[in-house]
Amino acid sequence: MEKFKEFKGLVATLDMSNVDTDQIVPKQFLKLIHRTDFGKYLFYHHRYTEDGGPNPDFVLHQPRFNGATILLTRENFGCGSSREHAPWALRDYGFRVLIAPSFADIFKTNCFKTGILPVELDGDTVEQWFKRVDAIPGYEITVDLVNQTLTGIDGFSSSFEVDRFLKHCLVEGLDQISLSLEHEAAIEAYEQTHREPWQASITAPDVGRLQ
Amino acid sequence: MSALLDKIWDEHLVVREAVRPDLLYVDRHLIHEVTSAQAFDGLRSAGRSVRRPDLTFATMDHVAPTDTNRCRPLQDPIAEAQLDALERNCRDFGIELLHMGHPNQGVIHVVAPELGLILPGSTVLCGDSHTSTHGAFGALAFGIGTSEVEHVLATQCIPQAKPKTLAVRVRGTLGSGVASKDLALAIIGRLGAGGGNGHLIEYIGETISGLSMEQRMTLCNMSVECGAKAGLIAPDETTFAYLKGRRYAPQGADFDRAVDYWRTLYSNSDAAYDRELVVDASGLAPHVTWGASPAQVTEIDAAVPDPESLTHEEEREAAVRALEYMGLQPGTPMRDIPVDYVFIGSCTNGRLSDLREAAGIARNRKVARGVTALVVPGSGPVKAQAEAEGLDRVFLDAGFEWREPGCSMCLGMNPDIVPPGKRCASTSNRNFEDRQGRGSRTHLVSPATAAASAITGRLTDPRELE
């Protein structure tokens, strides 16, 4: 995975709380079996009208947010389903950093796996950032993950907390499966010592074969 | 002072290191067509295999059509490709799969418990947020993303930081006509859409002990709707009785030994929780959502709230937006709101007891003119048992459609869709904008409330029809 140490980008705002994953990427696109090119489906029902034309009223269509790579939003962003298609769509559209007072748990995990940094700040600080982005066209923020700081082009700055391990994985671009497989011997030892009837294999010869 | 979560956690700990989250063993990995294809692709491109196909179990549910003459290939080529990919992946890696035509096929969270795949004290993961359902058995069960599905396929483990705990202590008895769905909605209303973030909810108290397994599954299923990582209920005699004789549960002497172990799975009386919420179930009325989040909920006797009456600015703004989407005016009695569609089914309320409750209301009555009402059993066995009891006749005679198992109208990934602007009383779990179809307007309710609403053509307190 691509390493994430420092990132500077244009900030777009989405002033809504509880933006759910059905809004981020609607379910009709969940039938696709690849994991690339989901950017065109991001916020699909908001970006496009029912006849398929672009919706000029949608906030990301404002010219000043063209090319935005950081999304500033409100609490509980990404609530709802476990679909990883949501961060895939955000990342493919161009977003590398999300800033909000809180994120839904599964969504937050999925972001880290997709190379997106979700930054949680208290509501007042998020409000401060909203005011700046609204007031200053072309507002950019520099995200320093190593030192856990955000710094705006006007010098406004705040620090953030991040899980130490997830930070390490992003900074070093690590594949978590490889990390777990370093423990293959321990996994095998666990399997050898956990063979109670309630830990048994679930394969039965006839299941799934009756057509 | 161990809490149940700690007991399950410790039992599944494979590796604990200072610098990484705990690595936990996964006893049951459930998969379906929507969130697994990219995980298998990842495995292949990394040259990895499935570590324990014998602990992995698959079904087709989200995109499965529910019409009675459904067949493959599906009319939707994209959905067909997804089913095809699941078949190929299960075949290539030796994973058991319930095909669309299999008598046990159905919604993964209905099928797995029904086959006895979910056991107390186990860890259960699935690329689906409603995996929280299985906490009803005293299992640590939660939804994961596709990258984590790939991780579990490759390692049979999940790196995980232990969630905080929220005890929801419920006392009092649910009244007649009031379901565990109503209790779940009431709790979500109290906690808010993100109120459970970062927490596992353990439901405790005499009310919970008195719930059937199916009622417990509904309650745990909805836990994720307030953002909780999982729901959890300590196993007890009700749990053991449910599991006895089920296909994948331990049998004979093994079962007795398992029960001896399962009896140790409870939170000790001095267990500490990070938070606690006390809920009185007595006097609780049927609940119905008015907005576009499960937390935007009220009692059936209440009126659509005035956003101005809400405390926080964000809540007010969300309410204004939701009412506009829902086409509702503040002050309108919920019971005056007409419905066009009724959906009874899903991993929340697609089990036999749900259908019995709905049929109890529908019996010898007719669906109101202009209302399209669907009953979608959660699985083949639910359908077969309901038919053996004659419930299909009750529904069909009343004018409901009686369909094949699948996720159906819960999320509109299949042909069952609520048209734009139409209003649906739904026993599913999410009333998000556009979820049941673009422009659809969803009111989440219990099976009894859904059936009563189908009969009258407006949101209705099922106690009126008892």
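Taking the range A:115-143 as the range and being exposed (fewer than 15 other Cβ atoms within 10 Å of the Cβ), in a loop (DSSP other than H, G, I, E, B) and among the small types (Gly, Ala, Ser) as the test, only A:Gly138 passes. Among the residues of the range B:388-414, those identified as more than 23 Å from the chain's Cα centre (by Cα) and among the acidic types (Asp, Glu) are B:Glu389, B:Asp397.
What are the residues in the range A:87-108 that are among the small types (Gly, Ala, Ser) and at the interface with another protein chain (Cβ under 9 Å from one of its Cβ atoms), if any? Please lay out each step first, then the result.
Just the residues of the range A:87-108 that are among the small types (Gly, Ala, Ser), to begin with: A:89, A:94, A:100, A:102, A:104.
Matches in the range A:87-108: A:Ser102, A:Ala104.
Here A:Glu184 qualifies as under 30 Å from B:Leu43 (Cα atoms) and either surrounded by fewer than 16 Cβ atoms within 10 Å (Cβ to Cβ) or of a type in the set (Phe, Trp, Tyr) (or both). For the range B:435-458, filtered to residues that are in a loop (DSSP other than H, G, I, E, B), in contact with an Asp or Glu (Cβ under 8 Å, 6 or more places away or on another chain) and buried (at least 24 other Cβ atoms within 10 Å of the Cβ), the residue that is nearest to the other protein chains (Cβ to nearest Cβ) is B:Arg435.
Scanning the range B:270-314 for residues that are part of a helix (DSSP H, G or I), open to solvent by less than 80 Å² (accessible area, probe 1.4 Å) and within 11 Å of chain A (Cβ to nearest Cβ) yields a single hit, B:Glu314.
Restricting to the range B:101-121, what's the tally of residues that are modelled with pLDDT of 95 or more and facing chain A (nearest Cβ under 10 Å)?
Quick first cut of the range B:101-121, residues modelled with pLDDT of 95 or more only: B:102-121.
Narrowing the set further to residues that are facing chain A (nearest Cβ under 10 Å) leaves B:102-105, B:112, B:115-117, B:119-121.
Number satisfying all stated conditions: 11.
Among the residues of the range A:170-204, those identified as assigned to a loop (DSSP other than H, G, I, E, B) and under 27 Å from A:Phe112 (Cβ atoms) are A:Gly173, A:Leu174, A:Asp175, A:Glu182, A:His183.
Search the range B:326-339 for residues being surrounded by fewer than 17 Cβ atoms within 10 Å (Cβ to Cβ) and closer than 17 Å to B:Asn431 by Cβ, and hand back the single one that is farthest from the chain's Cα centre (by Cα).
To start, the set of residues in the range B:326-339 that are surrounded by fewer than 17 Cβ atoms within 10 Å (Cβ to Cβ) comprises B:327, B:329-333, B:336, B:338.
Next cut, closer than 17 Å to B:Asn431 by Cβ only: B:327, B:332, B:338.
Numbers: B:Gly327: 27, B:Thr332: 29, B:Pro338: 26 Å.
It comes out as B:Thr332.
Only residues that are in a loop (DSSP other than H, G, I, E, B) and either in contact with an Asp or Glu (Cβ under 7 Å, 6 or more places away or on another chain) or open to solvent by 30 Å² or more (accessible area, probe 1.4 Å) (or both): list them for the range B:180-204, please. Result: B:Gly194, B:Asn197, B:Gly198. Scanning for something open to solvent by 40 Å² or more (accessible area, probe 1.4 Å) and within 20 Å of B:Lys162 (Cβ to Cβ), does the range B:233-246 turn up at least one residue? No, the range B:233-246 contains no residue that is open to solvent by 40 Å² or more (accessible area, probe 1.4 Å) and within 20 Å of B:Lys162 (Cβ to Cβ). The set of residues in the range B:150-166 that are among the hydroxyl-bearing types (Ser, Thr, Tyr) and at positive phi is empty. What do you reckon, is B:Tyr242 more than 24 Å from the chain's Cα centre (by Cα) and not β-branched (Val, Ile, Thr)? No: the conditions fail for B:Tyr242. Contact annotation: residue pairs with Cβ atoms under 6 Å, 6 or more positions apart or on different chains, pairing a residue in the range A:189-210 that is over 15 Å from B:His29 (Cβ atoms) with a partner that is in a loop (DSSP other than H, G, I, E, B) and at pLDDT 90 or above, are A:Pro197/B:Pro250; A:Trp198/B:Leu119; A:Trp198/B:Pro250; A:Leu210/B:His102.
Report whether or not B:Gly145 is under 22 Å from the mean Cα position of the chain (by Cα) and either under 23 Å from A:Glu184 (Cβ atoms) or facing another protein chain (nearest Cβ under 10 Å) (or both). So that I can check it myself, show each step before the final result.
Working: under 22 Å from the mean Cα position of the chain (by Cα): yes; either under 23 Å from A:Glu184 (Cβ atoms) or facing another protein chain (nearest Cβ under 10 Å) (or both): yes.
Considered against the rule, which asks whether it is under 22 Å from the mean Cα position of the chain (by Cα) and either under 23 Å from A:Glu184 (Cβ atoms) or facing another protein chain (nearest Cβ under 10 Å) (or both), B:Gly145 comes out as yes.
Just one residue in the set B:Arg365, B:Arg393 is outside any loop (DSSP other than H, G, I, E, B), farther than 18 Å from B:Ala64 by Cβ and open to solvent by 10 Å² or more (accessible area, probe 1.4 Å); that residue is B:Arg393.
When the residues of the range A:37-59 are filtered to those that are in a helix (DSSP H, G or I) and open to solvent by less than 10 Å² (accessible area, probe 1.4 Å), the one that is farthest from the other protein chains (Cβ to nearest Cβ) is A:Gly39. With respect to B:Ala384, determine if the residue is over 22 Å from A:Asn18 (Cβ atoms) and open to solvent by less than 40 Å² (accessible area, probe 1.4 Å). So B:Ala384 fails the test.
Where strands (runs of 3 or more DSSP E) fall wholly inside the range B:1-82, the ranges with 1 or more residues that are among the aromatic types (Phe, Trp, Tyr) and facing chain A (nearest Cβ under 9 Å) are B:22-25, B:56-59.
Could you tell me how many of the residues in the range B:252-269 are open to solvent by 50 Å² or more (accessible area, probe 1.4 Å), part of a loop (DSSP other than H, G, I, E, B) and touching a helix residue (DSSP H, G or I) at 6+ places or on another chain (Cβ under 8 Å)? Residues flagged as open to solvent by 50 Å² or more (accessible area, probe 1.4 Å), part of a loop (DSSP other than H, G, I, E, B) and touching a helix residue (DSSP H, G or I) at 6+ places or on another chain (Cβ under 8 Å) within the range B:252-269 amount to 2.
The values are calculated or read from the model by the stated rules, or taken from the named source; none is laboratory data. The model shown is predicted, which means the values in this text are computed figures rather than measured ones. Backbone-built Cβ (ideal geometry, glycine too); neighbour counts: all protein chains shown. Please note that ligands, DNA and RNA were not included when accessible areas were found on the heavy atoms of the full protein model with its side chains. Shrake-Rupley method; radii C 1.70, N 1.55, O 1.52, S 1.80 Å.
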